[in-house]
1. At a 1.4 Å probe, what is the % contribution of carbon and sulfur to the accessible area of the range 188-236?
2. Residue farthest toward the positive end of the dipole of the range 106-152, with Cβ of Lys/Arg at +1 and Asp/Glu at -1: which of G144, Y119, P106?
3. Once every DSSP H run of n ≥ 4 in the chain is given -39500 (n - 2.57) and the sum is divided by its residues, what mean residue ellipticity at 222 nm do you get, rounded to the nearest 500 deg cm²/dmol?
4. In Å³ and rounded to a whole number, note down the convex hull volume per residue for the Cα atoms of the chain.
5. What do you get for chymotrypsin sites (Phe, Trp or Tyr not before Pro) in the range 63-130 restricted to DSSP loop and a cutoff of at most 15 other Cβ within 10 Å of the site's Cβ?
6. To the nearest 20 debye, what is the magnitude of the charge dipole of the chain about its Cα centre, counting +1 on the Cβ of each Lys and Arg and -1 on the Cβ of each Asp and Glu?
7. At 0.36 nm per residue, and after removing the present C-alpha to C-alpha distance, how many nm does the segment from Q211 to L89 gain when stretched out fully?
8. Counting only DSSP beta bridges with both residues in the chain, tell me the antiparallel percent, nearest 5.
Amino acid sequence: MNVLIVFAHPDPRSLNAALRDAAVAELEAQGHTVRVSDLYAMNWKTTVDHADFPSLGEGERLKVAAASGAAFAADALTDDVKAEQEKLLWADALILQFPLWWFTMPAILKGWVDRVYAYGLAYGVGEHSDRRWGDRYGEGRFAGKRAMLVVTTGGWAEHYAPRGINGPIDDLLFPINHGILHYPGYDVLPPFVAYRVDRFDETGFARAAEQLRERMRTLETTAPIPFRRQNGGDYAIPSLELRPELEAPGASGFALHRTA
C-alpha cells in the first residue's frame with residue numbers, strides 16, 4: 001500500500017517523532033511505500049485566508065466554500081495545497097499523528113485539513129436529492145481507502161475511560177474519526193493511543209513502539225470502526241436523522257452512528 005502520514009509535533013526529538021519513525025520503519029519493512037508530511041518542518045500555513053485563492057479578485061469578499069470549489073475546479077489552489085492533495089489521492093491509507101492538545105488535534109493539523117480538504121475534493125461532491133444527500137459518510141472521494149489516528153497524551157488511560165473525568169477517548173476523537181475521516185469516505189480504523197507519555201522510560205517507550213508496530217503490521221487487515229453509511233437507508237433524507245427503529249436500546253449521542 002501507499003501510506004501517507006501527516007505528522008504534527010513541533011520537536012523532531014520528541015517521543016512522538018520517535019514513534020513516527022518506528023511506524024515508518026515497520027511499514028517499509030512490510031513492503032509499503034510511505035510518505036510523511038511533517039507539518040512543522042514544512043512550516044505549514046495554518047489559516048485559511050484570501051491568499052489561498054490567487055484567482056480571487058483583490059477586495060472581493062471571501063466565501064470560503066465557494067472560493068475553494070472554484071479554485072479546485074480550475075486547478076488554481078496554491079502549490080502547497082495541491083501537493084498535499086496529490087499525496088492524498090496517491091495514498092491507499094492515511095495516518096494522522098499528533099499529541100492530544102486541549103482534547104483535540106494541534107491547530108497546525110486542523111489548518112492542514114481546512115486548506116487541503118477542498119470543496120469538490122473532500123466535500124461538496126455527489127448528487128443531492130430525495131434519495132441521496134451527497135457522497136459522504138462512507139462514500140466520496142476517498143471511499144475504499146483506510147485511515148487511522150496515532151495519538152499521544154499525558155493523561156492516564158483511566159482518565160479517558162467511559163467513566164473517566166476527561167470523557168471517553170472514542171467520544172473525544174469522534175469528530176475527527178467520523179467528521180474528518182469517515183465523512184469523505186475513508187474506512188476508519190480504531191485509533192492507536194499512547195497514554196502517560198510524559199512519564200515514559202525506555203521500557204515504556206519500547207512497549208508503546210512495539211504496540212504501534214503491530215498496528216502497522218495489521219494496517220491492511222484491521223476491521224474498521226462500524227460507522228453507519230449515510231445513504232445506505234439508515235438515515236431519513238433530507239433530515240439525516242437515524243431511523244428510530246435502528247437505535248440500539250439505551251444508545252444515544254455518538255453511539256447512534258455505529259452499527260455495533
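The values are calculated or read from the model by the stated rules, or taken from the named source; none is laboratory data. It should be emphasised that the depicted structure is a prediction, and the values quoted were computed from it without experimental measurement. Cβ coordinates were reconstructed from backbone atoms using ideal geometry, including for glycine residues, and neighbour counts include every protein chain displayed. When the accessible area is computed, the model is the full protein with side chains, heavy atoms only, and any ligands, DNA or RNA have been set aside. Shrake-Rupley method; radii C 1.70, N 1.55, O 1.52, S 1.80 Å.
1. 47
2. Final value for the positive-end residue is P106.
3. Rounded to the nearest 500, it is -8000 deg cm²/dmol.
4. Considering the Cα atoms of the chain, their hull volume per residue is 142 Å³.
5. On the way: sites: F72, W90, W101, W102, F103, W112, Y117, Y119, Y123; in loops: W102, F103, Y117.
When the chymotrypsin sites (Phe, Trp or Tyr not before Pro) of the range 63-130 are filtered for loop state and at most 15 Cβ neighbours within 10 Å, W102, F103 remain.
6. Numbers: 27 positive and 34 negative charges, 60 e Å.
Here the size comes out at about 280 debye.
7. That pair, Q211 and L89, stretches by 41.1 nm at full extension.
8. On the way: 4 of 28 bridges.
Looking only at bridges with both residues in the chain, the antiparallel portion is about 15 percent.
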